[in-house]
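The values are calculated or read from the model by the stated rules, or taken from the named source; none is laboratory data. What you are looking at is a predicted structure, and each value in this text was computed from that prediction instead of being measured. Glycine gets a Cβ as well: all are built from the backbone with ideal geometry, and neighbour counts include every protein chain shown. The accessibility values were calculated without ligands, DNA or RNA, using every heavy atom of the protein model including side chains. Shrake-Rupley method; radii C 1.70, N 1.55, O 1.52, S 1.80 Å.
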Amino acid sequence: MNDVVADLELFDETAFCRQLQQNTQPVVGLFRQTLQQANNVLKQRFLEGHSAVELVTRHAAVIDAILRQAWQRFFPGDTGTIALIAVGGYGRGELHPHSDIDLLILLDKNRPPLQEPISRFLTFLWDIGLAIGHSVRTLKECVREAKRDITITTNLQEGRLLIGPATLFEQQRQRCGPNKLWSSRKFFKAKWHEQVKRHQKFNDSAYNLEPNIKEGPGGLRDIQMIGWVAKRQFDANTLHDLVTHQFLTEQECQSLYEGQALLWQIRYGLHLLANRREDRLLFDYQRSLAQQFGYQDDTHSRGVEKFMQQYYRTVMELSRLNEMLLQLFQEEILFKHNPGRPTAINSRFHARRGFLEVTQPSVFKKYPFALLEVFLVMAQHPKLKGVRANTIRLIREHRHLIDARFREDLRSRSLFIEILRQPHGVTHELRRMNRYGVLAAYLPVFGKIVGQMQHDLFHVYTVDEHTLTLIRNLRRFTVAKLAHEFPLCSEVMQKIPKQELVLIAGMFHDIAKGRGGDHSKLGEIDAMEFCQHHGLSEYDSKLVGWLVLNHLLMSTTAQRKDINDLDVVLEFARAVGDQNRLNYIYLLTVADIRATSPQVWNSWKDALLRELYFATTRAFRRGLETPLLNSETIAENKAVALKFLTANAISAAMTDTVWSRFDAEYFLRYSPDEIAWHTQAIIKLSKQGLPLVLIRQETQRGGNEIFIYTHDHHNLFAHTTSTLEQLGLTIADARILTTADGYTLDSYIALDESGKAVHDSQRLHELHKALVARLHDPQRPVSHSNRQIPRTLKAFKFATDVQFWEDTKHDCTAMQVIAYDRPGLLSRIARALLQCQVRLRNAKIATYGERAEDIFYITTVDESPLTQASQFECLQHTIRHYLDQE
């Protein structure tokens, strides 16, 4: 690290010492100025394209020199009793722009006279602008604390003497070494457990939307983990020392160094962008770094997506190496003297200590198809804990054998399909195939989506991770003990004749993302080719192809169309064709939506899809040539609702009096249960009881159902949406109807922050009280939500788009508003409707991550479709003003 001495632009130690002796400026100022100059030089070099590998070591070297100069001002003589030691990351000689500078002031024993100069020294370091983390310990205290806490042991293990007696430093190393405390065995177990817990914080996935490049799986900490164990076991000072110990090949070592270099480059840039220590690759930083590193947009993908794909592929490779090396360490440290006896599985594989292993190193060379067989064996033997490290290495070394000839081999094709047909372990083994790079090698089209991120809030996983999560969701529908999670899906899964077909459709549904063009159409072609190549029948191949082509059909129908409209259901049923296809596409749709993001799925979407599934099933049973008429639906709904009301001592005459004020649309858009609920409350209501506000906990519609009956007023929608939004609720659906004599029949489905119905009685009481108070005087000005826009949403702001079309069937105008989602969105749109003197009849609310795509069915004040250009212009201008000018 002395090469910094020759880097006079970075730090001229001779000139610095001369200035100290001349005493021409305050000492603190000189130190601060020197540090700032060095930081500026390092920053400029980074921006000019210098490698972070060079810069982090040079930064550490500058700090070494500064600290030695400062130390000598407070401890001018070498007493042999005190030393300054760099520990942690700084001890490794690695220092990013805003990383903590971890120091240990080591004393041979407790010396009270040194407390005062130590205190002044530490204060001086803060005064000159160094962010230090420090501890002051005697030798005895080091041993005691290291014995108690493995983190301290790890920090001390990385210690590097800066200044002071080498004998004192060596004593500390010996007393805290593996021969004295934390043997290699205990150290390895503790650090492995530490890594498992750390990975769990990130859902064991390196594919998070805003990944932590230090602590996340495949991040810098995983590389450090390898170094710590190697240091403890072999006293290795570098990763390359593991090559000498035959734990790494030269190629694997190079992969580790290259991965570390990329992560260092990103982390260095993060620190400079944030102007503080930052290890989270946040959205704004992703864009800035992609631009800085030269990634550019093209017709198929954005530069930031290319940058993130390189990042995700890098951490995947680092995760593979971490898994393999930790297993090698396990075998060396824990099982070296008791490797276990092999248990035969077949001529190519046996089990040893619960891990699968090849019977001989030449297995994959002699039998290339065994590169797939290994995963089938794992699925067929669920008690196996994993694949032995030596076999993982052999898989990596022989992946090149998976070529066109390999893919044509009937044995390979049969093995792959057989994996998908297994009753257990399919998801685990597909994930393992992906980690080892086998899945991408066998299916080159899949390889193109590995690590591919879609830069939005709707898709929080890379395309490959989303695909494998979808398959996991499908497989969960087959597990009897999990049937309570999605009872209908579990029931339907048992009805489909070939479960592997929906898995194949899931694997290919997004396979063409990022290629340009319609990914559904391109994916259909890939899926058909795969099916035909793997010997599936023409019927099965066409079914899989149809599922891939139409994998968005059911979700878009349920979320963007009025599924209470019999024509909508009939149109969907005709597009699907038969019950078998409906079963398949329902399973695929639920699994797909749940795999996009943990926040996307909610009880409302669950209810929508179930309702569409059952409505379509009824249409198939009746026959598509003789669809149900609106008059039949109305009659049936009335009959069922009346039966309930009669059972509750409400006469038919009383019911008819209320229903005579309702139009046919009401009985089409509400279920018998809802009609009875509304009617009973209205009959029991006195005139002084307005507004009537009813709230039910979770209903068939998948959320809190809120029904409002009161005198119609143009402010009601604005007041209602504003109140719900201020109370932290999300509106999933709005139905706005008016009786013939001017009363509202409005209902809303509301969800809490987690996407579920509110069950807390106190919160429901507060909601009821707030709505009644607000709607009691609708003339008052509408208040608006003051909730802050989340940081993640701000990163995806885009201009609002407002479009119109005529809905001739319902004699109204449809208006679609596409805007970035944020608190208060609906109440702002309600203000615009009010200002432009437009009435709302119905609303379909749909949110996809940061993107809201809401459809409003509107009329003029006299209930006619909009026709005047001035009305359209008013809405476009006002909505954009309220949504974009903030």
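Return the residues of segment 625-639 that are among the aliphatic types (A, V, I, L, M) and surrounded by 14 or more Cβ atoms within 10 Å (Cβ to Cβ); say none if nothing qualifies. Give the derivation first.
We begin by selecting, within segment 625-639, every residue among the aliphatic types (A, V, I, L, M); these are 628-629, 634-635, 639.
Passing the criteria: Leu628, Ile634.
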Set Leu372, Leu401, Leu430, Leu439: member being closer than 20 Å to Phe530 by Cα, surrounded by fewer than 18 Cβ atoms within 10 Å (Cβ to Cβ) and aliphatic (A, V, I, L, M): Leu401
Of the residues in segment 27-50, those that are open to solvent by less than 50 Å² (accessible area, probe 1.4 Å) and closer than 19 Å to Leu263 by Cβ come to Leu42, Arg45, Phe46
Could you please let me know if Thr739 is closer than 22 Å to Thr633 by Cα, crowded, with 17+ Cβ neighbours inside 10 Å, touching a helix residue (DSSP H, G or I) at 6+ places or on another chain (Cβ under 9 Å) and among the β-branched types (Val, Ile, Thr)? yes
Residue in segment 404-427 that is least open to solvent (accessible area, probe 1.4 Å), counting only those that are over 21 Å from Ser319 (Cβ atoms) and of a type in the set (Ser, Thr, Tyr): Ser412
So, in segment 375-394, exactly how many residues are more than 22 Å from Gln246 (Cα to Cα), open to solvent by less than 50 Å² (accessible area, probe 1.4 Å) and in a helix (DSSP H, G or I)? 5
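For Gln292, state whether it is open to solvent by 80 Å² or more (accessible area, probe 1.4 Å) and modelled with pLDDT of 90 or more. Spell out how you get there, then give the answer.
Working: open to solvent by 80 Å² or more (accessible area, probe 1.4 Å): no; modelled with pLDDT of 90 or more: yes.
So Gln292 fails the test.
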List, please: which pairs have Cβ atoms under 9 Å, are six or more places apart or on different chains, and start with a residue in segment 765-782 that is farther than 11 Å from Leu692 by Cα and end with one that is among the charged types (D, E, K, R) and open to solvent by 50 Å² or more (accessible area, probe 1.4 Å)? Arg774/Arg780; Val782/Arg831
Are any residues in segment 809-866 out of contact with any helix residue (DSSP H, G or I) (no Cβ under 8 Å at 6 or more places or on another chain) and free of Cβ contacts under 8 Å to residues at least 24 places away in the same chain, and if so, which ones? Asp862
Name the helices (runs of 4 or more DSSP H) wholly inside segment 784-886 in which the number of residues that are modelled with pLDDT of 85 or more is 3 or more. 825-835, 869-884
If I filter segment 727-756 down to residues being modelled with pLDDT of 90 or more and either among the polar types (S, T, N, Q) or in a helix (DSSP H, G or I) (or both), which single residue comes out as nearest to Leu825 (Cα to Cα)? Ser747
Being part of a helix (DSSP H, G or I) and either of a type in the set (Lys, Arg) or touching a residue at least 60 places away in the same chain (Cβ under 8 Å) (or both) narrows it down to one residue among Leu318, Leu262; which is it? Leu318
Please determine, by comparing only the residues of segment 232-277 that are of a type in the set (D, E, K, R) and open to solvent by 40 Å² or more (accessible area, probe 1.4 Å), which one is nearest to Lys180 (Cα to Cα). Asp235
Segment 563-621 - residue that is out of contact with any His (no Cβ under 9 Å at 6 or more places or on another chain), small (Gly, Ala, Ser) and assigned to a helix (DSSP H, G or I) and, of those, most open to solvent (accessible area, probe 1.4 Å): Ala575
Looking at segment 336-374, which of its residues are of a type in the set (D, E, K, R) and part of a loop (DSSP other than H, G, I, E, B)? Lys336, Arg341, Arg348, Arg353
